[in-house]
Amino acid sequence: MTQKTKICVKCKKELPATIEFFYYLKPGYKGKIYNDGLRYQCKDCWKKYKQEHREEVAKSRKLYKEKNHKKETFLNSLHVRIKKLKSNQKYCSICNQEKKLELSSVNGIYSENLDDYWWLCHECHGLYDRTNKTHIKN
């Protein structure tokens, strides 16, 4: 009995069509597979692809963090300063209920002006930001 073989689409090697050389995908899994249930790429090529993909994702995350670190640091320190300077209140500025409150920008522009901020409960804060689209994406 001759053993079935399969050609890896990446390295073009002809290998035995077994789970020793190719990953098996369960029925119903959405992926590039042949009718035999085995992946198109051999295990070595698939591992190499996954490693390259992980490195690429890590690099893009690092670039994103470097790009946004200054902006996030500025906004965090601004929020801390405003919270210290603006007197805390007990009632939400919109629903007037006594809840745990969050500091919110009235117009979505972060400034040093204390009048540009108010205290809102979590529900009102989210609703206000969604309905007024106050936060400008840079």
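Just so you know, all these numbers are worked out from the coordinates, no wet-lab data involved. Computed from a predicted structure; not experimentally measured. When we count neighbours, we look across all protein chains shown, and the Cβ atoms used for this are built from the backbone with ideal geometry, even at glycine.
Please give the Cα centre distance for the stretch 36-87 versus the stretch 5-24, rounded to the nearest Å.
Cα centroid of the stretch 36-87 versus Cα centroid of the stretch 5-24: 33 Å apart.
Which FRET efficiency value, to the nearest 0.05, is calculated for ASN76 and GLU98 with the Förster distance at 25 angstrom and r the Cβ-Cβ distance?
Working: r = 27 Å, r/R0 = 1.08.
My answer for the efficiency is 0.40.
Hey, rough spin-label estimate for ASP44 and VAL106, points 7 angstrom out along Cα→Cβ, what's it come to in nanometres?
Distance between label points: 6.8 nm.
Pull up all non-local amide H partners of ALA17: gap of 5 or more, or a different chain, and H-to-H distance under 5 Å with H placed in the peptide plane.
LYS4, THR5, LYS6
Just in the stretch 48-117: which trypsin sites (Lys or Arg not before Pro) are loop by DSSP and have at most 12 other Cβ atoms within 10 Å? Working shown, then result.
Numbers: sites: LYS48, LYS50, ARG54, LYS59, ARG61, LYS62, LYS65, LYS67, LYS70, LYS71, ARG81, LYS83, LYS84, LYS86, LYS90, LYS99, LYS100; in loops: LYS86, LYS90, LYS99, LYS100.
Here the trypsin sites (Lys or Arg not before Pro) that fit, given the DSSP loop and packing criteria, are LYS90, LYS100.
Calculate the spin-label point distance for LYS90 paired with CYS11, positioning each point 7 Å from the Cα along the beta-carbon direction, and give it in nanometres.
7.2 nm
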